[in-house]
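Below is one structure, written out as structure tokens, with a few remarks after it.
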Amino acid sequence: MSKENMGEPFEFMQSISVLKSTGKKAKNLRELWNAIEEASNESISYHTYQYFLKARMFEYTNDFAEWTSESLGERVLAEHLSSIDPYEFTDIHDLRNKLLEVIDDYLEAFPESKEVIPGNEFYFNETITMVFPVGIRAHNLAEFLIAIRYIEAGSIYYHFYDARSRPDGRDDFSRWFEDGLVKKDLAEQIRAIDPFMHTLEAIRQHIVEAVDEVVRKDMEGIPQ
């Protein structure tokens, strides 16, 4: 049995989120601070971690930074908020405190808080997320390559982004390549993909290209 066929197969999971409004909103930075402090964990997660589920790319990396820049015109604060990597935090409580700290520091330096025009308030939402297997398993890289080309974007998000917030800190794809298939170089390639610089579809394409190259080399018997 080859190394590529050792271990458990990769089981693709699907993540579906149902969006709902919390009724909370903010028209200035002080109200934003208060609302973040009181918001549910699900709401903080939606506006930070799940920002990457959006189909298009934005200049910033979370909803708070985007609103602060686009609606309030506070671009310096937006940059500070955008520099917060949610995947450095395994606890929503710590991520929430970091968001509050950054806004607090800015308000201390610039206490006059601007207000948005009616209709441009920040509306707090949250999601109910369901995760379930899609019935697709890959036993080797060739099978994985076929599946990753056509799997739903929600599955890419779950395995590439959501996995990073778990204690291990690795995405599911690179973990399987390294631990299941003993493809350390490939795993490192996948982990090197910057999650903040690409849409889900761009990430899919990067993974396809990296895996396809290894599959071709394996078929041609090229040492790796």
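Listing LYS54, LYS24, LYS98, LYS183 from fewest to most neighbouring C-beta atoms within 10 Å gives LYS54, LYS98, LYS24, LYS183.
Counting Lys and Arg as +1 and Asp and Glu as -1 over every other residue whose Cβ lies under 9 Å from the Cβ of TYR46, the net charge comes to -3. Database remark: amide H of GLN14 closer than 5 angstrom to the amide H of PHE132, VAL134 (H placed geometrically; neighbours at sequence offset of 5 or more, or on other chains; Pro and chain starts carry no H).
Note on the stretch 18-126: the alpha carbon radius of gyration divided by the globular reference 2.2 N^0.38 Å gives 0.98. Modelled this way, with points 7 Å down the Cα-to-C-beta line, the labels at GLU101 and VAL208 are 4.1 nm from one another. The alpha-carbon of LYS25 sits under 17 angstrom from the alpha-carbons of these lysines, leaving out residues fewer than 8 places away in its chain: LYS114. Here the calculated FRET efficiency for HIS198 and GLU108, from their Cβ-Cβ distance with R0 = 45 Å, stands at 0.80, rounded to the nearest 0.05. Charged neighbours of PHE89, selected by a Cβ distance under 15 Å, balance to -3 (K, R count +1; D, E count -1). Per-residue ellipticity at 222 nm, computed for the chain from helices alone with -39500 (n - 2.57) per DSSP H run of at least four residues, works out to -12500 deg cm²/dmol. With neighbour counts taken as other beta-carbon atoms within 10 Å, the residues PHE173, PHE89, PHE110 rank, fewest first, as PHE110, PHE89, PHE173.
Neighbour counts of other Cβ atoms within 10 Å put TYR123, TYR87 in the fewest-to-most order TYR123, TYR87. Annotation for the stretch 7-62 versus the stretch 87-144: alpha-carbon center distance of 4 Å.
Every read-out reported here was derived from the displayed coordinates using simple, explicitly stated rules and does not represent laboratory data. Computed from a prediction, not measured in an experiment: that's the story for all the values here. Virtual Cβ from ideal backbone geometry, glycine too; neighbours counted across all protein chains shown.
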